[in-house]
Amino acid sequence: MFPARPTDTTSPEVAFAQSALGQALMRVLQDGSASHQAIANHVLRHQVRVTALGIEELAEFCQVSTATISRFARDIGYRNYAAMRGAVAETLQAVLQPVEKLRSTIDGRCGVDSPATESLEHAAANIAATAKDLSLAELAQVVHKLTRARTVYVMGFGLSAHLAGLLVQHLQPFCPHVVEVAGIGGSEVAAGHLVSIDVEDVLLAISFPRYTKDVIRLASFARDRGACVVSLTDSPASPLADLADHVLYAHSTHPVLPSSASTALAVIEALTVALMVSNRANVDKAARLTEVIATYLHGGAPAAPAERGRARTRNSKT
């Protein structure tokens, strides 16, 4: 049997996955059969729902037989499905009650407000939960890998593509070589960019529900080539979590959208700041960058006399 392990996390996904039961489910996700992986994935993602489902209903959701559900429960240490369902409820009671209370408060308050207000409330709750869960040690290790990488590749498809582009812009001043893997070319261009990746490089892969097959396939390729894989994703149940050497989690639940990108953006900014202040050289780079771009910004500093002279010379020749 797997008793619940108390934790101070405020994320339902991370809290449940870190419990003893969650760890058993994660092992099934990695090494189990296809049918058992489907069950483990459903339990990890829908813990509250599972506590209310009969064995026939769970079998229908997972598209397996009730016999498979029973065998799954026994394989992870329970007498039967009812015992496993009871353990799910016990784990939720121990580690998820504060989160459900927060969400209930938000939902109750948003009931009389607009959908836009509700969306903002959920974004704020996601950011608060992510800040609570953030592992500073993991973040420091990611910064260490980025500062020593020969090339940093950043990859995101679909709704994550714009996040990848933003991260590239943030990293470029502070890393020797940064490549946006997908860009405007899609998976074929991405594969071409990654063909030379190796142990000296880092791949930063971004994916949130709905996950794309290309990001999983190409992250697997990078890992097989020996590159360090860092994933920015939403949950330990994400297919990117198992592929990565380091994982940064950004909670992305949303009452309407498939997922919210607001917290991912906050994590990208947090990673950038951690990289910037990691050494004095990066602080100096940031200062020089500000000086360089100031002349191109509205209200920025005027160009130096020598620069104005060069500009007049160029204009006189046109």
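In nm, give the distance between the simple-model label positions of Q141 and A116, each being 7 Å from the Cα along the Cα-to-Cβ direction.
Taking the two extended label points, one gets 4.3 nm.
Once phi is turned into θ = phi - 60°, what whole-Hz ³J(HN,Hα) does the Karplus curve with 6.51, -1.76 and 1.60 give for every residue of segment 54-71, x standing for Gly and Pro?
With coefficients 6.51, -1.76 and 1.60, one gets x, 5, 5, 5, 5, 4, 5, 4, 8, 6, 9, 7, 5, 5, 5, 4, 4, 5 Hz.
Between A131 and M276, what is 0.36 nm times their sequence separation minus the Cα-Cα distance? Round to one decimal in nm. Each step should come with its number before you reach the end.
Numbers: separation 145, 0.36 × 145 = 52.20 nm, distance 1.89 nm.
This chain segment gains 50.3 nm when fully extended.
As an exercise, use a Förster radius of 30 Å and the Cβ-Cβ distance of L257 and E188 to find the FRET efficiency, rounded to the nearest 0.05. Working shown, then result.
On the way: r = 28 Å, r/R0 = 0.94.
My answer for the efficiency is 0.60.
For segment 150-227, what does the convex hull of the Cα positions come to per residue, in cubic angstrom?
73
Residue by residue through segment 17-26, which ³J(HN,Hα) values in whole Hz follow from phi under the Karplus form 6.51 cos²θ - 1.76 cosθ + 1.60 (θ = phi - 60°), with glycine and proline marked x?
Those phi angles translate into 5, 7, 6, 4, 5, x, 5, 4, 5, 5 Hz.
Calculate, for S35 and R148, the FRET efficiency according to 1/(1 + (r/R0)^6) with r their C-beta to C-beta distance and R0 45 Å; round to the nearest 0.05. Please report the intermediate quantities before stating the final value.
Working: r = 42 Å, r/R0 = 0.94.
E between S35 and R148, to the nearest 0.05, is 0.60.
How would segment 28-71 be classified by its alpha-carbon gyration tensor: rounded, prolate or oblate, with rounded meaning a/c under 1.5 and the a/b versus b/c comparison settling the rest?
Numbers: a/c = 2.22, a/b = 1.22, b/c = 1.82.
Oblate.
Stretched out fully, how many nm does the piece from A89 to R217 gain, at 0.36 nm a residue minus the Cα gap? The partial results should precede the final answer.
Working: separation 128, 0.36 × 128 = 46.08 nm, distance 3.47 nm.
So the chain would gain 42.6 nm between A89 and R217.
From the square roots a ≥ b ≥ c of the eigenvalues of the alpha-carbon gyration tensor of segment 135-278, which class results: rounded (a/c under 1.5), prolate (a/b over b/c), or oblate? Can you show the working numbers first?
Working: a/c = 1.43, a/b = 1.11, b/c = 1.29.
Rounded.
Considering only C62, V88, G77, whose Cα is most displaced toward the positive end of the charge dipole of segment 12-95, charges sitting on Cβ of Lys, Arg (+1) and Asp, Glu (-1)?
After comparing all options, I get G77.
Ratio of Rg to Rh for segment 12-95, alpha carbon only, Kirkwood?
We get a ratio of 0.91 for segment 12-95.
Apply the Karplus curve 6.51 cos²θ - 1.76 cosθ + 1.60, θ = phi - 60°, to the phi angles in segment 83-90 and return the couplings in whole Hz, x for Gly and Pro.
5, 5, 4, x, 5, 4, 5, 5
If each residue of separation counts as 0.36 nm, what is the full-extension length gain between E269 and D284 once their alpha-carbon separation is subtracted? Kindly include the intermediate steps, with their values, before the conclusion.
Numbers: separation 15, 0.36 × 15 = 5.40 nm, distance 1.86 nm.
Full-extension gain reported as 3.5 nm.
The numbers here are math on the coordinates, done by the rules we state, and not lab data. Keep in mind that this is a model prediction, so the values were computed, not measured. Here the Cβ is made from the backbone with ideal geometry for all residues, glycine too, and neighbour counts use every protein chain on show.
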